[in-house]
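Below is one structure, written out as structure tokens, with a few remarks after it.
The values are calculated or read from the model by the stated rules, or taken from the named source; none is laboratory data. Source: prediction; values computed, not measured. Quick reminder, even Gly has a Cβ in these numbers, built from the backbone with ideal geometry, and neighbours come from all protein chains shown. Surface areas here come from the heavy atoms of the whole protein model, side chains and all, with no ligands, DNA or RNA. Shrake-Rupley method; radii C 1.70, N 1.55, O 1.52, S 1.80 Å.
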Amino acid sequence: MPHPVLPRRPEARWMLVGTLLSAVGRGLTLPFLFIYLTEVRGLSGTFAGLVIGWSGALSLVLSPVGGAFIDRFGARRVVLPCLVAEAAGTGSLAFVHSAPAAFAAASLIAVGNSAILSGQSVMLASLTAEEERQRTFGLQFTLLNLGLGVGGLVAGAMVSTSQPVTFQILYVLDAVSFLAPVLVLLALPGVGNPVGSGRDSAAADDGRSSGGYLALLRDRPFRRLTLFLLVITTCGYAQIQVGFSAYSVGVLHVGPRIVAWALAGNTVVIVASQLLVIRLLHRRSRSAVLAAVGATFAIAWLALGVGGFVAADHRILAALSVTACAAIFGIGETMLSPVLPVVTNALATDELRGRYNSISSMIFGVSGVIGPVTAGPLLGSGGGTVWVGLVVTGCLAASLLALSLRKLLTADQDGRVTGDDASAATSEMAHR
């Protein structure tokens, strides 16, 4: 009897183990790059910002290339060297002493980061049946957050700006953690190979060369899904990176420690509730779930905005609004994480699966640029209320886009229970 949580195939389970171990390594260094470059290595804030921005921009540019390579050569042949490149770049950060060296390390990281997520999504989709795919992607997100949280706790206990060697240890450990998914893939030689072989492979190549990204542009449901994703990430995830912290500190006047604890609470909510949410989402309309994500994110920002009206006289209430925002946002994440990749892969063909997944990954990068650029100046000029209004409106607009997606999806793609499905389920129960 299949396990109710884990995917059936052992190859998929081992890939999830690799995700967890590499996430622990990433959690060791994730919050510290700017601090490390400025406080430990003595680079100016401008140079440190350029290094981080360069890495993100280069990864964004290379992401579509990575998707095309995955379709042509197979996810395995792309992800393995990308993991090695990111490990080399992360490890070399431990020994940088100049801006050129930091840029070189950041470039290696960007090359690796450009295709790892989309390649791993392609491999997980190929290793899971349709009925378990949503559960598997949700579990992957849970393990990712669990690993990041564990790594962050370990790093917080040992890092010190007065002892550069503590940062060096963290970056070396982070680099080593990338070897976990490398070893997993090396032990699974049949995973992530190109679609088809011989004549089938040649036909697939012809399909790829004649279609490519133009085929995605002609895919109306995927265009709608991409627009939804751009809006929800710009008004959601991208704002957590900048807008959430800036509003909490600048408008609500809570301390950075409160922000840190709220974000930690966000991780706890995700890890604690993800599996329950996955069960609740079973056989639910995926477009309706995506619409609920937009509504949940909007409620989270409203909770934060309420703190703006009470911050002056009730610091505790302001702190609670920050914490509530992060917790509610986490609930929205537990709904988005399993459903988005399932819809993406339901729309994708085997020959173009890498491109479909790379576009979804790339949208997160695009919104990561748009979000800070818009939120920073607005909050810096005292437009906190306007910012809250804009992100709430954007999240609700994303909900409307998700609802409009329903009519463009088949019942199978949308995960809906049709009348035939319900009759079959009733008949099955009657024969038990």
#### Entry: Residues that are under 14 Å from the mean Cα position of the chain (by Cα) and either open to solvent by less than 20 Å² (accessible area, probe 1.4 Å) or within 13 Å of SER126 (Cβ to Cβ) (or both), drawn from the stretch 345-367
ASN357, SER358, SER360, ILE363, SER367
### Query
Is there any pair with a first residue in the stretch 28-43 that is without any contact (Cβ under 8 Å) to a residue 40 or more places away in the chain and a second that is part of a helix (DSSP H, G or I) and surrounded by fewer than 20 Cβ atoms within 10 Å (Cβ to Cβ) whose Cβ atoms are under 9 Å apart and which are 6 or more apart or on different chains, and what are they?
PHE34/GLY45; PHE34/GLY49; PHE34/ILE52; THR38/GLY45; THR38/PHE47
### Summary
Turns out the helices (runs of 4 or more DSSP H) fully within the stretch 126-219 with at least 1 residues that are within 17 Å of ASP71 (Cα to Cα) and at pLDDT below 90 are 198-210, 213-217
### Task
Answer yes or no: is there a residue in the stretch 333-354 that is assigned to a helix (DSSP H, G or I) and either in contact with a strand residue (DSSP E or B) (Cβ under 7 Å, 6 or more places away or on another chain) or of a type in the set (Phe, Trp, Tyr) (or both).
no
### Task
Identify the single condition in (1) touching a Gly at 6+ places or on another chain (Cβ under 9 Å); (2) open to solvent by less than 20 Å² (accessible area, probe 1.4 Å); (3) touching a residue at least 60 places away in the same chain (Cβ under 8 Å) that ALA106 does not satisfy, given that it satisfies every other one.
(3)
### Query
So which of LEU43, LEU60 is of a type in the set (A, V, I, L, M), farther than 25 Å from VAL172 by Cβ and at pLDDT below 90?
LEU60
### Query
Does ILE316 satisfy the condition of being modelled with pLDDT under 95 and in a helix (DSSP H, G or I)?
yes
### Query
Of the numbered conditions (1) more than 21 Å from the chain's Cα centre (by Cα); (2) open to solvent by less than 20 Å² (accessible area, probe 1.4 Å); (3) at pLDDT 95 or above, SER287 satisfies every one except a single condition; which is it?
(1)
### Task
Output the number of residues of the stretch 251-277 satisfying the condition of being open to solvent by 30 Å² or more (accessible area, probe 1.4 Å) and in contact (Cβ under 8 Å) with a residue 24 or more places away in the chain.
11
### Summary
Among the residues of the stretch 291-339, the number that are over 16 Å from LEU396 (Cβ atoms), in contact with a helix residue (DSSP H, G or I) (Cβ under 7 Å, 6 or more places away or on another chain), of a type in the set (A, V, I, L, M) and open to solvent by 10 Å² or more (accessible area, probe 1.4 Å) is 7
### Message
Condition check: open to solvent by 20 Å² or more (accessible area, probe 1.4 Å), touching a helix residue (DSSP H, G or I) at 6+ places or on another chain (Cβ under 6 Å) and either in a helix (DSSP H, G or I) or in contact (Cβ under 8 Å) with a residue 12 or more places away in the chain (or both). Does ALA88 satisfy that?
### Response
yes
#### Entry: Lone qualifier among LEU58, LEU117, LEU83 - being over 30 Å from ARG9 (Cβ atoms) and either touching a strand residue (DSSP E or B) at 6+ places or on another chain (Cβ under 6 Å) or assigned to a helix (DSSP H, G or I) (or both)
LEU58
